[in-house]
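For reference, the structure is listed below as structure tokens.
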Amino acid sequence: MTDVHPLTVDVVSDVMCPWCYIGKKRLDAAIRSVPQLNVQVRWHPFQLDATLPKTGKDRQQYLSDKFGGIERANAIYSQIKAAGLEEGIDFAFDAIKLSPNTLDCHRLILWSRADDLQNEVAERLFKAYFLDGEDLTKSETLVRISDEAGMESDLVEQLFETETDLDKILAGIQKAQESGVTGVPCFIIDGRFVLAGAEKAETLAAALIHAEETRTNEEAEISN
């Protein structure tokens, strides 16, 4: 009998984090490998760099400042590119001109929850940024993504003209930090098991199975 209560996976993530894209691909693969489980993924905000202006920052300058020189940044990102290829992601880092402030991206992901489209929107945001080099600071880019994902883009466009739910996003980021999240991606399974970093699909799948088994045992003990 299928458990009516889904096994939750809360993903703390930032759209401008390449390891978060890799982590999503690995989580997707993990979930596909355990079709017997009823898994619900929920996305939560984090900012790798909250100091970025709303209009973003030149990507080369951002990387140089962050890593102490563009040569070191390139070395690190070549490793990330290799890891991405293993998961079917062909990172086009050279196409990215701007490092964005991602608060509006997080607002879009929050709004997509009502339509059960968080996974779809997160995937499209990652793709737009890392594969197509799109400017995620532009509301028109985010509105188009919402439309392609199946959201009510007219409403999204209106919301982006306001500060609706900005306080919720900031509170969510603060909550993650207060709960000990210092890096992303971070996967919280069934509210009990925390996996920090872009773990391999096999590791995530094993954690999902373990969470389901231990939850079932606990529920069985309660009912006896």
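The values are calculated or read from the model by the stated rules, or taken from the named source; none is laboratory data. All values derive from a computational prediction rather than experimental measurement. In this analysis, Cβ positions are derived from the backbone assuming ideal geometry, glycine residues included, and neighbour counts consider all displayed protein chains.
Just one residue in the set LEU170, LEU110, LEU117, LEU166 is under 19 Å from LYS54 (Cα atoms), modelled with pLDDT of 95 or more and either buried (at least 17 other Cβ atoms within 10 Å of the Cβ) or aromatic (Phe, Trp, Tyr) (or both); that residue is LEU110.
So for region 84-91 (the condition being among the small types (Gly, Ala, Ser), within 21 Å of the chain's Cα centre (by Cα) and loosely packed, with under 12 Cβ neighbours inside 10 Å), does at least one residue qualify?
Step one: list which residues in region 84-91 are among the small types (Gly, Ala, Ser), which gives 84, 88.
With within 21 Å of the chain's Cα centre (by Cα) added as a condition, the list becomes 84, 88.
Next, only the ones that are loosely packed, with under 12 Cβ neighbours inside 10 Å stay: 88.
Yes - at least one qualifying residue is present in region 84-91.
Scan the helices (runs of 4 or more DSSP H) fully inside region 67-178 and keep the ones with 1 or more residues being more than 17 Å from VAL15 (Cα to Cα) and in contact with a strand residue (DSSP E or B) (Cβ under 7 Å, 6 or more places away or on another chain). Steps first, please.
Numbers: elements: 70-86, 103-112, 118-130, 139-149, 153-159, 166-178.
Filter on region 67-178 gives an empty set.
Flag: SER112 matches the condition of being within 19 Å of the chain's Cα centre (by Cα) and of a type in the set (Ser, Thr, Tyr). Output the residues belonging to region 47-66 that are under 19 Å from the mean Cα position of the chain (by Cα) and either part of a helix (DSSP H, G or I) or acidic (Asp, Glu) (or both). Result: ASP49, single match. With the requirement that a residue be free of Cβ contacts under 8 Å to residues at least 60 places away in the same chain and touching a Leu at 6+ places or on another chain (Cβ under 6 Å), what does region 71-103 give you? ALA73, ALA92, ASN101, listed by residue number.
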